[in-house]
Amino acid sequence: MTIAPVLTAPAAELAGKVAESVRLLQGAVREHGRVVYASSLGPEAAVLTDLIFAHAPQIDIFTVDTGRLPEATLELLERIERRYGRRIRVVFPEAQRVQNYVADHGVNGFYRGLAQRHACCHIRKVEPFQRAIFGYHAWVTGVRHEQSAERAATPTLEFDARYRLQKINPLLPWTHGDIWNYIRAEKLPYNPLHDAGYPSIGCAPCSRAIEPGQDSRAGRWWWESPESRECGLQPRQLPGSISDL
Ligand code: SF4
């Protein structure tokens, strides 16, 4: 199944959204100085990485390697670095914490219950993320209005009380089609798993392809009830945020 749609949006409309996103990214640098983007390496991340490297290179980009990512995701990281001639900072979990977790719960302990799964996500994603954003004044996200009713009310700029950082949301008006139109038009590197039925890709053992018509998050932590499918970085995780790690 191919997730990426064919081109549909008028080019001028997309160009306007690109210009506005760039304006917000550059404004964030001017106003906040130290700005960071946590890349999920998903489709929204492809767009934001392209815009940041081209128009706001002062923004630092990092991603978290949980140690359980699909090989296709690591290959994508390499292709991104080749395209831009830039190194993306990769942040890892603390080895001792992973070792303790595996000793207590087993290498795939996350399948055994919600507490074990949350503990794994905390050690492999949340703690490295928190460590990586420490010292910054603002962080950029890839959330979009159409992702949920909650996200429809998200402002462009907001204070993130949880991490005590200003939050910049430059892709809010972009549609799923806009994201893929831009990726296609600019020939950006993206994860081939998206063309194999994975709208959302995280760690290999916790992501799988979905059937046509299923919710886009159905392949994430598929053995759990839909309400629990988030990793604790933000309330209600969504594609395009760091949650896709
Ligand atoms: S997604 Fe799965 S493997 Fe990855 S950190 Fe969370 S529980 Fe662990």
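Among the strands (runs of 3 or more DSSP E) confined wholly to the range 33-93, which include 3 or more residues that are among the β-branched types (Val, Ile, Thr) and out of contact with any Gly (no Cβ under 7 Å at 6 or more places or on another chain)? Walk me through it before giving the result.
Values: elements: 35-38, 60-64, 89-91.
Output list reads 60-64.
Being within 21 Å of LEU171 (Cα to Cα) and not acidic (Asp, Glu), is that true of even one residue in the range 74-81?
Yes, some residue in the range 74-81 is within 21 Å of LEU171 (Cα to Cα) and not acidic (Asp, Glu).
Just to be sure I understand, how many residues within the range 189-217 are away from the ligand (no atom under 15 Å from the Cβ) and touching a helix residue (DSSP H, G or I) at 6+ places or on another chain (Cβ under 8 Å)?
Taking the range 189-217 first, the residues away from the ligand (no atom under 15 Å from the Cβ) are 189-192, 194-197, 199, 209-216.
Applying the additional criterion that residues be touching a helix residue (DSSP H, G or I) at 6+ places or on another chain (Cβ under 8 Å) yields 189-192, 194, 209, 215.
Of the residues in that region, 7 qualify.
If you check every pair at least six apart or on different chains, which have Cβ atoms under 6 Å apart with a residue in the range 64-81 that is within 11 Å of the ligand (Cβ to nearest atom) first and a residue that is at pLDDT below 95 second?
VAL64/LEU245
Among all residue pairs at least 6 apart or on different chains, which show Cβ distances below 7 Å where the first residue, located in the range 187-202, is over 14 Å from GLU75 (Cβ atoms) and free of Cβ contacts under 8 Å to residues at least 12 places away in the same chain and the second is assigned to a loop (DSSP other than H, G, I, E, B) and hydrophobic (A, V, I, L, M, F, W, C)?
Pairs found: none.
Just give me the residues in the range 202-245 being at pLDDT 95 or above and either under 16 Å from SER148 (Cβ atoms) or polar (S, T, N, Q) (or both), in sequence order.
The one that is at pLDDT 95 or above and either under 16 Å from SER148 (Cβ atoms) or polar (S, T, N, Q) (or both): SER207.
Just one of (1) more than 16 Å from the ligand (Cβ to nearest atom); (2) buried (at least 19 other Cβ atoms within 10 Å of the Cβ); (3) hydroxyl-bearing (Ser, Thr, Tyr) trips up TYR163, so point out which.
Of (1) more than 16 Å from the ligand (Cβ to nearest atom); (2) buried (at least 19 other Cβ atoms within 10 Å of the Cβ); (3) hydroxyl-bearing (Ser, Thr, Tyr), only one is false for TYR163: (2).
Which count do you get for residues in the range 92-104 that are surrounded by 19 or more Cβ atoms within 10 Å (Cβ to Cβ) and either under 27 Å from ILE61 (Cβ atoms) or away from the ligand (no atom under 13 Å from the Cβ) (or both)?
Start the filter on the range 92-104 by keeping residues that are surrounded by 19 or more Cβ atoms within 10 Å (Cβ to Cβ), which leaves 93, 101.
Imposing the further condition that a residue be either under 27 Å from ILE61 (Cβ atoms) or away from the ligand (no atom under 13 Å from the Cβ) (or both) reduces the set to 93.
Matching residues across the range 92-104 total 1.
One line per residue, one yes/no per condition, for (1) surrounded by fewer than 16 Cβ atoms within 10 Å (Cβ to Cβ); (2) within 11 Å of the ligand (Cβ to nearest atom):
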{"site": "GLY106", "(1), (2)": "yes, no"}
{"site": "TYR111", "(1), (2)": "yes, yes"}
{"site": "GLN116", "(1), (2)": "no, yes"}
{"site": "ARG124", "(1), (2)": "no, yes"}
{"site": "GLU127", "(1), (2)": "no, yes"}
{"site": "ARG131", "(1), (2)": "yes, no"}
{"site": "GLN147", "(1), (2)": "no, no"}
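Being basic (Lys, Arg) and within 16 Å of SER39 (Cβ to Cβ) is true for just one of LYS167, LYS187. Which residue is that? Before the answer, list the steps.
Values: LYS187 fails: within 16 Å of SER39 (Cβ to Cβ).
One residue alone meets the criteria, LYS167.
The values are calculated or read from the model by the stated rules, or taken from the named source; none is laboratory data. Here the structure is a predicted model, which is why all the values come from computation and not from measurement. Positions of Cβ are backbone-derived with ideal geometry, glycine not excepted, and every protein chain shown enters the neighbour counts.
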